[in-house]
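Working notes, structure below.
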Amino acid sequence: MNQKLLHRYLSVKVLPIWIILLIDVCIIAFSCLLSYALAYDFRSIFIAFPEINQMVICTIIVNLIFFRVFRTYSNVLRFSSFVDIMRIFLSLSVSYGILVLVNVLLETFTPIKIAPVRVIFMAFIINFALMTCSRILVKLFFELLNFDHRHTTDVFIYGAKDAGVNIAKSLRATMRNHYRLRGFIADEPELIDKIIMGVKVYPNDDNLFELLEDKDVHTLIVSPAKMDELKKEDMADKLLEHNMRLLTAPPLSEWGSSSLNRTQIKEIQIEDLLQRAPIQVDIRKIASHLEGKRVLITGAAGSIGSEIMRQVTAFNPYKLILVDQAETPLHDVRLELQDKWRDVDAVTIVADISNQTRMEAIFREYKPQYIFHAAAYKHVPMMEDNVSESIQVNVAGTRILADLAVKYNAEKFVMVSTDKAVNPTNVMGCSKRICEIYVQSLAKKIQLDKSSTVQFITTRFGNVLGSNGSVIPRFREQIQRGGPVTVTHPEIIRYFMTIPEACRLVLEAGSMGNGGEIYIFDMGKPVKIVDLAKRMISLSGRTEVKIEFTGLRHGEKLYEELLNVKELTKPTHHEKIMIATVREYDYEEVNERIQKLIKESFNYDAMAIVASMKDLVPEFISKNSCFEQLDQKVS
């Protein structure tokens, strides 16, 4: 009980300034006495006492003056750092330098002297050493007092260069009771077997897991500089197979102070392991298209639309017109603008893109020059059950916007499409393919008759990580509940891209071409969804969570394609963006058929509407859907 009270008292109390000063004065006096004893012998302390007394008094007075100047006593000793040691060194250097100078002047012009120069110099060395040691001892005492090994996790740090060493320093400075550093892991041969911060640097080789087991270490903190290495050669999967807990820290630029705090050391998420190297875009070219322009973004409250908004704000647009029919998410976007981009002139409008009168009023008032069309109904099973809405919003809404872009002389119209538009197997994918057909045929028409200068661009890509309603947030929620994690099919695969990189490519594609192109993005390697689920379960540490296969949903297919088998691609100046050469349609014919399709959608006869969609897009073959009977009739 007394020990706990002492611990609590010492952990909250701070030494008063006068005690710190008294300790330092005692150290000065002792340094003077010891320097005389070392310069001559210990008997000289008694023989030359008046001279020594004079030196002690002069040294104390001068040092106290510069302690005040350099504020060496103002810090809390238990939190002493290199900066405090440097402050002491500067203060003592100036003080003893002045003493030496005064001593030389006195010896030159008078028979008086403070002390021999060598004694003063020795006193300086002893004084600095003792004051430094006093701070270190106090710091060690409080660290030992507050150290609780019962709640401490032994860790290795992957990365032994600047980022990794900075993490290690933070662990010791601010998280000593949470993490204990046992070693570093490095890829660089020159660092192997070296000692950094008192622990050894080990190689990242085949013996790594044996080493971690021998050291009884089950937690690895990955330096942000090593995240790319972690994703290579299945290193993360191997670590997870050995039940290693993987943590990471933000880059140094995001720390916000000289050290990390506990909340910044976070579990590695599946998004971190799926991300690829940052995609580079031509910032100057994008800026030249958007700077000083009136930019309209539809679906501005959605995952893609809101990220396009964030990236466009960096290019100094004249005005942002943000349109979405979802009131609460759009309100959140509005608050974000107020918090982060007060200087941006932005208007948030609750509106349905399929309402032609409303959209006409918006175009008439704001006359947008650049349009990013990201509004759409996107969930495959939902659109299988709500066919009319997929036509009225996705198709009719796109046609309304595209026609208004021509009528009000916009410069560029960039439509966000999907890989599900290629060989569509569901209503949603087919509705987006019809949008592509309309936009491309309209672009061809205005180029031929030179009736407008609007450039129509279509961008096509796969799933984005963390988007609203996507698989990763759903899996994370299921894992937190204890499972099971539901996967539709053991062989299903998908392409993934992060929201920011997808939007960067949308902006880059928007700055390309002459109009009418369909740009597809390099999505990297497809990911098996069951493997994704297994990784997420391993990362969570909840190995008891099971995976359950539920069967393909309506309209879902095992894999997505970015290109129709009959389509070819042409390269662009950006290695991640290609142009799809697709079948071209006559505008007049397309417009007439789409008009009939839209009119038919208001009859709410799903089977008849889908039959018309299949007639317009012959490659639309339904999968796992009631509409498969329409394909059987055709065959």
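Of all residues in region 49-74, those being part of a helix (DSSP H, G or I), among the polar types (S, T, N, Q) and under 19 Å from Ile88 (Cβ atoms) number 2. Applying the set (1) in a helix (DSSP H, G or I); (2) modelled with pLDDT of 85 or more; (3) in contact with a helix residue (DSSP H, G or I) (Cβ under 7 Å, 6 or more places away or on another chain) to Met227 leaves exactly one unmet item: (2).
Taking into account only those residues within region 472-529 that are of a type in the set (Lys, Arg) and assigned to a loop (DSSP other than H, G, I, E, B), which is farthest from Leu290 (Cα to Cα)?
Step one: filter region 472-529 for residues of a type in the set (Lys, Arg), giving 474, 476, 481, 494, 504, 525, 528.
This time we only want the ones that are assigned to a loop (DSSP other than H, G, I, E, B), so: 481, 525.
Numbers: Arg481: 45, Lys525: 32 Å.
Only one residue tops the list, namely Arg481.
Evaluate the following for Leu330: is it hydrophobic (A, V, I, L, M, F, W, C), closer than 28 Å to Cys430 by Cα and not in a helix (DSSP H, G or I)? No. Kindly establish whether Val201 is under 11 Å from Phe156 (Cα atoms), in contact (Cβ under 8 Å) with a residue 12 or more places away in the chain and in a loop (DSSP other than H, G, I, E, B). No, not satisfied.
Identify all residues within region 400-419 that are among the acidic types (Asp, Glu) and closer than 12 Å to Gly515 by Cα; write none if there are none.
If we filter region 400-419 for residues that are among the acidic types (Asp, Glu), which is where we start, we get 403, 411, 419.
Across region 400-419, the qualifying residue is only Glu411.
(1) farther than 25 Å from Phe602 by Cα; (2) part of a loop (DSSP other than H, G, I, E, B): which one isn't true of Gln338, the others all being true? For Gln338, the failing item is (2). Whether a residue is of a type outside the set (Val, Ile, Thr), in contact with a Phe, Trp or Tyr (Cβ under 6 Å, 6 or more places away or on another chain) and farther than 30 Å from Ser625 by Cβ was assessed, and Phe372 does not pass this test. Give the number of residues within region 347-385 that are in a loop (DSSP other than H, G, I, E, B) and buried (at least 23 other Cβ atoms within 10 Å of the Cβ). Of the residues in that region, 6 qualify.
Evaluating Met428 against the criteria (1) under 29 Å from Glu628 (Cβ atoms); (2) surrounded by fewer than 17 Cβ atoms within 10 Å (Cβ to Cβ) leaves one unmet condition, (2). When the residues of region 432-489 are filtered to those that are of a type in the set (D, E, K, R) and out of contact with any helix residue (DSSP H, G or I) (no Cβ under 9 Å at 6 or more places or on another chain), the one that is surrounded by the fewest Cβ atoms within 10 Å (Cβ to Cβ) is Lys450. For region 386-420, taking the residues that are of a type in the set (Lys, Arg) and assigned to a helix (DSSP H, G or I), the one that is farthest from Phe456 (Cα to Cα) is identified as Lys420. Ser303 meets each of the listed conditions (1) buried (at least 19 other Cβ atoms within 10 Å of the Cβ); (2) of a type in the set (Ser, Thr, Tyr); (3) at pLDDT below 80 apart from (3). Within region 564-582, one or more residues are modelled with pLDDT of 85 or more and touching a Gly at 6+ places or on another chain (Cβ under 8 Å).
The values are calculated or read from the model by the stated rules, or taken from the named source; none is laboratory data. Source: prediction; values computed, not measured. Neighbour counts run over all protein chains shown; Cβ positions are idealised from the backbone, glycine included.
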